[in-house]
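Reading through the structure tokens given below for one structure.
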Number of protein chains: 2
Amino acid sequence: MSVTIKDIAAELGISATTVSRSLKDDVRITKEVRERVKKLARKMGYRPNLMAKSLVSNRTETIGFLVDNLSWSFFSELAECVQNAAEKHGYSVFIYSSQKNAERERAGVESFLSRGIDGLLIFATEAKENEDFYGELAEMSIPVAYFNHFDPMNVNCVTTDDYDGARKAMKHLKELGHRKVGYIGSREDSSFKRQRLAAYLDAVADYGWDIVPEWVALQEDDPLYGYRAAKEWLSSGGDKPSAIFAQNDMLAFGVCRAVAELGLRVPQDVSVIGYDDLDMCMSLHPPLTTVKIPLKQLAESAIRFLVERIGTEKSEDDVRLKTTFSPNLVIRQSTARYEG
Amino acid sequence: MSVTIKDIAAELGISATTVSRSLKDDVRITKEVRERVKKLARKMGYRPNLMAKSLVSNRTETIGFLVDNLSWSFFSELAECVQNAAEKHGYSVFIYSSQKNAERERAGVESFLSRGIDGLLIFATEAKENEDFYGELAEMSIPVAYFNHFDPMNVNCVTTDDYDGARKAMKHLKELGHRKVGYIGSREDSSFKRQRLAAYLDAVADYGWDIVPEWVALQEDDPLYGYRAAKEWLSSGGDKPSAIFAQNDMLAFGVCRAVAELGLRVPQDVSVIGYDDLDMCMSLHPPLTTVKIPLKQLAESAIRFLVERIGTEKSEDDVRLKTTFSPNLVIRQSTARYEG
DNA sequence: ATTATTTATGCGAACGTTCGCATAAAGTAG
DNA sequence: CTACTTTATGCGAACGTTCGCATAAATAAT
């Protein structure tokens, strides 16, 4: 099968220990021997067996990353950032997609744990039934960090201030003169949704915008619900919103589609704001005004935390991580002054 | 630290062997004992150590998946399919993003090999400098499959017939009366690009379309090059293409953006066809006509192959895998009859 | 020359499993 | 009641590393 340290040792007539030490450039071994070993190892195609190494060291140099659904751009962009950040510290990333399923979420974590990952990074479903599970996880010796806003829970979080981000979007609309603003989001309860919706509702109240209950559309999780909700609003006979704030960019794209299909234009007839700032925002028409989630910073911050915690004994006076970035509004071409 | 089989054995006053066997419901152990062991294991929070298991069994129940760039929708959608397919057979997937870098590609495979993955699934960069590397990989005892069209090489491939797919797109344009068709693709040389471009060039020749050398735009890999190329063509004073075939959907979105920015409409003024059929095609305006890559079938076929090969001794008369799916054109609303 | 110190290497256990083989206990046949 | 089979469990090695401790050889100090 594959070449082991023993094969090299046998070939050279030395002990496995010496080979092991030579390969990691241990000064106790003469330079001469070290070179010979490394040369032969290369020649024989030696590849260290990480499982054997892990068994004794209790380290895998791997971080488990649990996401909602890898096929969604937001998560895959984040995953790429996580992988890059981890790599800088010499860690690999094992990604698992829970598909927003609470049971799979637990199964994924179990799998990670069995694999002996050194740290855990979670974008949680926030399913009610998993709350105890998140709690148990926090008690474990392995470091865990969440990208969620788990305020009341005793867990480590790295997030953006979504209330602030959404508020910036609302302020932008106010400054453009909008007073008829709709909100499209997911029905599912999550910390993200709560913050973004709260900022919208507060803005409606604070700025004295028109209050139209139907202009808050919370639908099932479906890539097309932004499209459908916007189409309904805009094709109705009555009063129509002049601006629409979508809970994420994909929803906003759907809104843009609805606007275009009705022969209207973004932003002249309807302003649209998204949330996330996906890479493709720049490739679409019109380039979307959106709240930028700083994926790179989030990933690096979370990974740095995990890497620092890994290997340090867990103690009572460990500070809880609570890093919050303030997101920026990226103004592009999907928002314009309201001439009403 | 964590609970081991020995802890359970000690607690129950039996041997580790019996515990191990009880946990896998070995009939040699009395039902009574098995139950007691399983109950205690649950109570103690026992989690099997997959590294230890792998060391002896030489199996990790893991498949390594190497992609170009996980943050691109095409790859993340494919990755999700791969994970689902693998899971059906009890395998996990370790994803590594090479970022289209030949060196990282090799490093990724090395990392997989060190981790002892059971099978390897590769979306290769096709870098010239890695050709030897792909060859060596094929010689190894571990099963490997590619999503690339590696025709001349002695490797296992699961692909779609991209010539056929692109040809279907071209036929559609011809039937709509187009004669002025542009092609936008990546400059980088790859089997995918070659097939799609060849189908376009053949169509131009076979159908007697206008031959305008500038209408083949091969640019650097940049999410915005579809936009830029289309903008240049359409804003020039001279003859303009009535239809544009983009090598992938993201490029096609950029084309649509360029059309819209110039005050023109898709499909009334310019027809646009993409390739891939990303999920978001339905969320954008206009819903894109595109060639659908059957990701689910590709993933399932590749995984099935790997799973079957895993554990069977490699032999000379192993048939080489060469599965090719014929992709379908999905006609949506970005293509229309040419009234020229 | 003897002892102490340094330097270079090796032995053997350990990590948490699995698995072949042995053993002990119980059951069946003569 | 001996011999033979079946059933239930345990022993110990193995997987490929690493690491503490020992040993042997070489050098330095007395």
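Quick rundown of the values:
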quantity	calculated
Within region A:229-250, considering residues that are open to solvent by 10 Å² or more (accessible area, probe 1.4 Å) and under 30 Å from B:L70 (Cβ atoms), the one nearest to the other protein chains (Cβ to nearest Cβ)	A:M250
Region A:230-248: number of residues that are of a type in the set (D, E) and either without any contact (Cβ under 8 Å) to a residue 24 or more places away in the chain or closer than 8 Å to A:G182 by Cβ (or both)	1
Scope region B:151-171; condition within 29 Å of B:I331 (Cα to Cα) and in a loop (DSSP other than H, G, I, E, B); matching residues	B:D161
From the options B:K38, B:K24, residue that is away from every other protein chain (no Cβ under 13 Å), more than 7 Å from DNA strand D (Cβ to nearest atom) and under 39 Å from the mean Cα position of the chain (by Cα)	B:K24
Subset of region B:112-138 [closer than 16 Å to A:T60 by Cβ and surrounded by fewer than 21 Cβ atoms within 10 Å (Cβ to Cβ)]	B:L113, B:S114
Lone qualifier among B:R304, B:R320 - being part of a helix (DSSP H, G or I) and more than 30 Å from A:C281 (Cα to Cα)	B:R304
Candidates A:Y227, A:Y200, A:Y183 - the one that is in a strand (DSSP E or B) and touching a residue at least 24 places away in the same chain (Cβ under 8 Å)	A:Y183
Filter pass, A:A10 being more than 10 Å from every other protein chain (Cβ to nearest Cβ) and either out of contact with any Pro (no Cβ under 8 Å at 6 or more places or on another chain) or part of a helix (DSSP H, G or I) (or both)	yes
Top-ranked residue of region A:10-21 - restricted to ones that are within 9 Å of DNA strand D (Cβ to nearest atom) and among the aliphatic types (A, V, I, L, M), ranked as nearest to the chain's Cα centre (by Cα)	A:V19
Search result, residues across region A:5-22 that are open to solvent by 60 Å² or more (accessible area, probe 1.4 Å) and more than 9 Å from DNA strand C (Cβ to nearest atom)	A:K6, A:D7, A:A10, A:E11
Selection from region A:255-271 of residues that are in contact (Cβ under 8 Å) with a residue 60 or more places away in the chain and either in contact with a Leu (Cβ under 7 Å, 6 or more places away or on another chain) or not aliphatic (A, V, I, L, M) (or both)	A:C256, A:P267, A:Q268, A:S271
Number of the condition not met by B:G254 [criteria: (1) in contact with a Phe, Trp or Tyr (Cβ under 6 Å, 6 or more places away or on another chain); (2) surrounded by fewer than 24 Cβ atoms within 10 Å (Cβ to Cβ); (3) within 12 Å of chain A (Cβ to nearest Cβ)]	(2)
B:E32, sole failed condition from (1) buried (at least 16 other Cβ atoms within 10 Å of the Cβ); (2) free of Cβ contacts under 8 Å to residues at least 40 places away in the same chain; (3) within 12 Å of DNA strand D (Cβ to nearest atom); (4) not in a loop (DSSP other than H, G, I, E, B)	(1)
In region B:75-88, the residues that are more than 7 Å from chain A (Cβ to nearest Cβ), under 11 Å from the mean Cα position of the chain (by Cα) and either open to solvent by 30 Å² or more (accessible area, probe 1.4 Å) or of a type in the set (A, V, I, L, M) (or both)	B:L78, B:C81, B:V82
Residue within region B:310-319 that is within 13 Å of another protein chain (Cβ to nearest Cβ), closer than 17 Å to A:C256 by Cβ and not polar (S, T, N, Q) present	no
Exclusive hit being more than 16 Å from the chain's Cα centre (by Cα) and crowded, with 21+ Cβ neighbours inside 10 Å, set B:Y91, B:Y96	B:Y91
Hey, B:G135 more than 10 Å from chain A (Cβ to nearest Cβ) and either under 24 Å from A:Y91 (Cα atoms) or without any contact (Cβ under 8 Å) to a residue 12 or more places away in the chain (or both) or not	no
Single condition B:N58 does not satisfy, out of (1) within 12 Å of DNA strand D (Cβ to nearest atom); (2) within 10 Å of another protein chain (Cβ to nearest Cβ); (3) in contact with an Asp or Glu (Cβ under 7 Å, 6 or more places away or on another chain)	(3)
Complete set of residues in region A:41-53 that are touching a residue at least 12 places away in the same chain (Cβ under 8 Å) and more than 6 Å from DNA strand D (Cβ to nearest atom)	A:A41, A:M44, A:G45, A:Y46, A:R47
B:A86 vs. criteria more than 14 Å from DNA strand C (Cβ to nearest atom), of a type in the set (G, A, S), assigned to a helix (DSSP H, G or I) and modelled with pLDDT of 95 or more	yes
Conditions (1) surrounded by fewer than 22 Cβ atoms within 10 Å (Cβ to Cβ); (2) modelled with pLDDT under 95: number failed by B:G226	(1)
Selection count where residues are open to solvent by 40 Å² or more (accessible area, probe 1.4 Å) and in a helix (DSSP H, G or I), scope region A:35-55	10
Selection count where residues are within 8 Å of another protein chain (Cβ to nearest Cβ) and β-branched (V, I, T), scope region B:94-113	1
Yes/no for B:L70 being in contact with a strand residue (DSSP E or B) (Cβ under 7 Å, 6 or more places away or on another chain) and more than 8 Å from chain A (Cβ to nearest Cβ)	no
Answer residue from region A:283-308, given it is touching a residue at least 40 places away in the same chain (Cβ under 8 Å) and within 12 Å of another protein chain (Cβ to nearest Cβ) and is surrounded by the most Cβ atoms within 10 Å (Cβ to Cβ) among those	A:L288
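One line per residue, one yes/no per condition, for (1) open to solvent by less than 20 Å² (accessible area, probe 1.4 Å); (2) farther than 29 Å from A:W233 by Cβ:
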residue	(1), (2)
A:V144	yes, yes
A:N148	yes, yes
A:P152	no, yes
A:T159	yes, yes
A:A169	yes, no
A:L176	no, no
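The values are calculated or read from the model by the stated rules, or taken from the named source; none is laboratory data. Quick caveat: nothing in here was measured; it's all calculated off a predicted structure. Don't worry about glycine lacking a Cβ; one is built from the backbone with ideal geometry, like all the others, and counts go over all protein chains shown. When the accessible area is computed, the model is the full protein with side chains, heavy atoms only, and any ligands, DNA or RNA have been set aside. Shrake-Rupley method; radii C 1.70, N 1.55, O 1.52, S 1.80 Å.
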